[in-house]
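The values are calculated or read from the model by the stated rules, or taken from the named source; none is laboratory data. It should be emphasised that the depicted structure is a prediction, and the values quoted were computed from it without experimental measurement. As a convention, Cβ positions derive from the backbone with ideal geometry for all residues, glycine included, and neighbour counts pool all protein chains shown. Side chains are part of the model used for accessible areas, which takes the heavy atoms of the whole protein and leaves out ligands, DNA and RNA. Shrake-Rupley method; radii C 1.70, N 1.55, O 1.52, S 1.80 Å.
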Amino acid sequence: MEIYWVLLVVFHVAVLVYTGNSCTVQIEKENDFVPFGEIALLNCTSNCTNLSWETRLAKVRFSKDKTINFSWVEVRVSEWEDSPIQCLATDDDNDVARVIPYVLPSKLDIDLKEELEEDKEHEVTCSVYDVAPVQYVVLSVTRGEETIFRRTYEEDSGRGPKNLTETFKFNATRSNNLQDFACQVTLNLPNVTNTTVHTSPVTVRTYALPEDPRITAETWVEKGTKTTISCEVPRAFPPDDIITVLSVEGYPNISVTGNVFGSIDLDSNELPAAQHNLVCVSQVFNASKQSNKHIYIYEPPMVNLTVSSKVANLGDMVTADCNLIQGNSDNFDLSISVDGKVVKREESPDLAENITITRRKPNLTVTCKIFIRDNNKELLTKEETLTVQYPPEFSESSCPDSIVWVEGKERMFGCRSEGNPTPEEACTLYLTNLSLPTTTTFSAERNMSGIYTCQASNLKGTVNKSVGVTVQYPPEIPTVDISTTSAISVGGFVNLSCHSDALPPPTYSWEIPPQAQVDFFQDNRSITIREASLYHNGTYTCHVKNKHGHSSTPQELEVKRGDNDNTTLRIGLGCVGAILVLIIIGVICYFYHQRDKKGFYPVEQNCNSGDIPMPEINTD
């Protein structure tokens, strides 16, 4: 066992001695990546001697000095396969190096249309030729300074040159207009610069024709007139590049550039009367849109209207004939109207209608109209006016059953009739010869009230109507009647009555002395004083009033003292004297009664005996 441990120690010592005496070899490269076909320089250092190089690449130059510990070699990188380069020492130590050849694309193309329609998907294709190694390639698309697409190939382990083609899709917007697009390839090699290649920029133009052109034009154009036709290209972009072409079957073929709106003044004399095709084409770059509209140039039509009679009575029938005498009947409709109301309309060049006169109107208008059948546009109107005759007629609105006037006001009788020819009217008061005009003014008087007979006459008949007339007037100065003379004695009875003539009947009111008490009767027309007193002395004024005015009359009333007044005074004084005597007797009785209680009885009288004589009261 001890021998084992000794041998083990000797072995490790030998290993240490051997290791301490071995040499090392290290290759230093100028760069890991070398352009294909170029020269690569490699340096080898070692603490050993006799260094040498082994490689299948062609050596261009190398060092041969075996006495120093440094060697170098230049090799031409001409193979894409893995070509190790070894630096060898005499003691069999070595170091292996590899250089990676690369090549920038021999060609780089971009495929992108220069005109891009807005909101549409477009493609940009980048084609790369002869680039290596692919796993270091970064292929991208730029728009101005911005990278919009990017692709790498890190999983591709191929060594030789390859061709790459990538297609990217995007939606064009107005912001892309006049932007520069380019394809770009970068070899992402550490410590190697200037490895980016890009195509020449492609400046794109974006455009938009989101809607068809909008044509504005009359569909029907009368021959010999001028009309304006216009075409608008809504939301088109860019406006400066829009071309708008507007024509009517080639005439007048106008072209407007740099505008989204175009118009022409069409002279219909330049085209035959027929249907024509109006065309508007909007174009931007290689895109275009077209709109069409049919317009009709027509010869102006003419119609003739006749009526069987221009004068008719109420209830008569009149025939109206409407005839198209010029124009294509396939394009037009005819109608007959009476006072604006259509009674017949047909697709016919000849139209007739029987019209029964049922309306009390002095004039009736019959109209013949011609319309464009396609759009119902009215083109021409012919009219005939019929005179309608009918007997007079009173209506409540023109001649009411009752009329109210006010005396002294300027009035017109206001009872008119309706008829044709215009009736003559007169209104006469019943049982009198008073006749009032119906068309001139007069001053209303009280005696005009009553029942009138109004008569209206014309060539077609006569009609009568009864009309009640009331002439109203303000109150006259009232009359005050008193049941006695204007002077009465105290305690007397008196009645005052007031009357005034007015229409409508007036209301009555009285103004009386402040403390007078009276009774009112007959809607305040009469007042009664049942027992007069001095408070009733004064002025009693009767007031009358209606909606047309008011009036008043005062009446003085004098209340006097009479003989009965002295007798009453004497009776009152006698009563007062009797009361005083009773008071005196009471005082004497009380005095003697108190004296008897004290023991002094100078007078012996019985107060209850009634012997004391009562004083006499003179009531005369």
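Observations, loosely collected:
- Total residues in the stretch 450-479, condition open to solvent by less than 20 Å² (accessible area, probe 1.4 Å), out of contact with any Pro (no Cβ under 8 Å at 6 or more places or on another chain) and of a type in the set (Val, Ile, Thr): 2
- A search for C-beta distances below 6 Å between a residue of the stretch 392-405 that is at pLDDT 95 or above and any residue that is open to solvent by 80 Å² or more (accessible area, probe 1.4 Å) and of a type outside the set (Val, Ile, Thr), counting only pairs 6+ apart in sequence or on different chains, returns nothing.
- Scan of the stretch 305-333 for residues that are touching a Ser or Thr at 6+ places or on another chain (Cβ under 6 Å) and either more than 18 Å from residue 358 (Cβ to Cβ) or not hydrophobic (A, V, I, L, M, F, W, C) (or both), ordered by number: 308, 319, 321
- Subset tally (residues that are under 12 Å from residue 455 (Cα atoms) and open to solvent by 60 Å² or more (accessible area, probe 1.4 Å)) for the stretch 425-440: 1
- Residues located in the stretch 185-214, provided they are within 42 Å of the chain's Cα centre (by Cα) and open to solvent by less than 20 Å² (accessible area, probe 1.4 Å): 206, 208, 209, 213
- Figure legend. Inter-residue proximity from the stretch 250-263: first residues at pLDDT 80 or above, second residues open to solvent by 70 Å² or more (accessible area, probe 1.4 Å), beta-carbon distance below 7 Å, spacing 6+ or different chains. Indicated pairs: 251/270; 260/232; 261/232; 263/228.
- Meets criteria (open to solvent by 60 Å² or more (accessible area, probe 1.4 Å) and either among the charged types (D, E, K, R) or at negative phi (or both)) for residue 369: no
- Strands (runs of 3 or more DSSP E) contained in the stretch 360-442 and holding at least 2 residues closer than 30 Å to residue 323 by Cβ: 363-372, 378-394
- Residues in the stretch 289-304 that are part of a loop (DSSP other than H, G, I, E, B) and crowded, with 19+ Cβ neighbours inside 10 Å: 1 in all.
- One residue from 218, 270, 249 being of a type in the set (Asp, Glu) and touching a His at 6+ places or on another chain (Cβ under 8 Å): 249
- Those strands (runs of 3 or more DSSP E) of the stretch 215-288 in which 3 or more residues are among the hydroxyl-bearing types (Ser, Thr, Tyr) and more than 38 Å from the chain's Cα centre (by Cα) occupy 251-257.
- Failed criterion for residue 528 (all others in (1) of a type in the set (Val, Ile, Thr); (2) under 15 Å from residue 478 (Cβ atoms); (3) surrounded by fewer than 17 Cβ atoms within 10 Å (Cβ to Cβ) hold): (2)
- Residue selected from the stretch 39-57 under the condition assigned to a loop (DSSP other than H, G, I, E, B) and surrounded by 14 or more Cβ atoms within 10 Å (Cβ to Cβ), by the criterion nearest to the chain's Cα centre (by Cα): 57
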